[in-house]
Amino acid sequence: MLNSAIETKRWRATSRACAIGTIIALLGFAATTAHAGLVAAPTAPKKVIIDTDPGTDDAVAIMLALNSPELDVRALTVVPGNVVVEQGLENALRMVSLANRCDIPVAGGAQHPLFQKLITAEFWHGKNGLANVELPASKCKADARFGPDLIIQMVHQYPHEITLLPIGPETNIALAVLKDPSIVPLVKEVIVMGGSISGGNVNAAAEANIYNDPEAAQIVFQAGWPLTMAGLDVGNMTLFTRKHLAELAKTHGPENDFMVQVNTFLVDLSEKFGSPGSPMYDSLAIGTAIDPTIMKTEAMRVEVETRGEFSRGETLANRRNEFEKNVLHGDHYVIEGLEKVTPNVQVCTGVDSERFIQLFISRVQGK
């Protein structure tokens with residue numbers, strides 16, 4: 001009976017999303033198809049699993065996803081990062097409860113990175129990870145399954161349909177690949193919030209999500225599935241400012257007010273450290289899943305540094321997708337040409353920032 005009720009809720013949510021998506025599609029294409037007597041076919045919502053370490057920026061991303069008819073959020077899996085996994089699980093449960101989406105499974109995952117100690121970031125996210133905002137106790141219950149196992153099960157249940165959205169460290173995704181490599185060709189795509197080709201934010205080289213588990217990130221980046229990296233390069237171009245905050249605050253509702261509180265915390269913090277606004281890191285990965293046209297991408301070969309004293313966690317991108325071929329001649333090497341490498345990542349290098357921010361505001365406001 002419980003499973004039946006959950007599926008009924010999911011069917012209703014999906015049907016509602018499809019209806020909204022159809023309206024949007026018809027509005028968007030009416031002008032170009034009316035003269036030909038054509039009607040645009042509705043697009044089914046994209047099935048996604050969000051792997052998250054909530055986290056203020058994760059909260060922004062999750063609320064965007066839950067309010068976007070283009071996405072059918074099939075599960076949230078929780079990874080340690082911004083906070084320990086127990087706090088992250090509680091935060092995720094309270095957010096899906098706030099959104100009245102107890103039909104979405106929320107499962108805890110790994111307790112720590114693969115090979116290093118966990119680094120949490122309450123400094124940037126507040127003591128509870130959610131900007132010190134105390135959401136009401138959750139009406140939803142945690143799923144008993146282990147996060148990576150839930151990912152594996154859903155990928156097999158919906159082959160070639162699941163988009164993975166890791167917006168925290170890659171630990172859970174890597175564990176799923178290590179346990180069952182057969183999921184790799186069955187995943188539709190992976191959109192990662194992480195990495196940078198222009199320097200780090202935890203140090204000179206590394207971005208926080210990758211730095212928190214470089215070995216896991218390297219597994220995910222080299223798995224062989226279609227992967228898009230929405231990293232610091234585009235996040236730092238997309239600043240949520242006090243002007244945007246005032247616009248968001250014009251409307252009210254449980255989720256809207258929560259987002260105003262979280263973004264007020266983030267804007268205050270950004271201004272304290274000299275930035276005019278808060279980078280919309282995690283939510284850009286969600287935005288890329290909703291509308292890939294907000295991004296400009298370039299195909300590159302990307303490796304994750306796992307050893308360097310100063311560069312551990314750096315995402316090293318071969319922009320030319322080639323390297324010099326050195327051949328040993330006697331006591332020295334001679335460059336004898338260039339060898340090509342196969343790109344493995346679509347790196348986001350540009351973004352329509354204002355269009356994305358307006359998308360976020362309109363979705364949270366329910367427009």
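Laboratory data are not the source of any read-out in this text; all were calculated from the coordinates shown. Given the structure is predicted, the values throughout are model-derived calculations rather than measurements. Note that each Cβ is placed from the backbone with ideal geometry, even for glycine, and that neighbours are counted across all protein chains shown.
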- Quick one: length gained pulling Leu328 to Gln111 fully straight, 0.36 nm per residue minus the C-alpha distance? 73.4 nm
- Along principal axes, Cα extents of region 167-285, largest first, whole Å: 48, 35, 18
- Too long at a 29 Å Cα-Cα cut-off: which of Lys188/Lys296; Lys47/Lys367; Lys141/Lys243? Lys141/Lys243
- Note on the structure: Over its alpha-carbon atoms, the chain yields an Rg and a Dmax in Å of 20.9, 76
- How much of the DSSP beta bridge set in the chain is antiparallel, as a percent to the nearest 5? 45
- Query: Pairing the Cα long axis of helix 147-157 with the longest principal axis of the chain, what angle in degrees results, from 0 to 90 and rounded to the nearest 10?
  - Reply: 80
- Task: List the chymotrypsin sites (Phe, Trp or Tyr not before Pro) within region 86-125 that fall in a DSSP loop (any state other than H, G, I, E or B) and whose Cβ has at most 15 other Cβ atoms within 10 Å.
- Result: Phe115
- Message: Given contacts defined as C-alpha pairs under 8 Å and at least six residues apart, what's the relative contact order of the chain, whole-number percent?
- Response: 16
- Query: Is region 215-322 rounded, prolate or oblate when judged by the Cα gyration tensor, a ≥ b ≥ c being the square roots of its eigenvalues, rounded requiring a/c under 1.5 and prolate requiring a/b larger than b/c?
  - Reply: prolate
- For Met229, Met259, what's the fewest-to-most ordering of other Cβ within 10 Å of each Cβ? Met259, Met229
- Message: Please state the shape class of region 33-160: rounded when a/c is under 1.5, otherwise prolate if a/b exceeds b/c and oblate if not, all from the C-alpha gyration tensor.
- Response: prolate
- For region 107-160: rounded, prolate or oblate by the Cα gyration tensor [a/c cutoff 1.5]: oblate
- Query: Per the Cauchy relation, a quarter of the hull surface: what is the mean projected area of the convex hull of the alpha carbons in region 294-335, in nm²?
  - Reply: 4.9
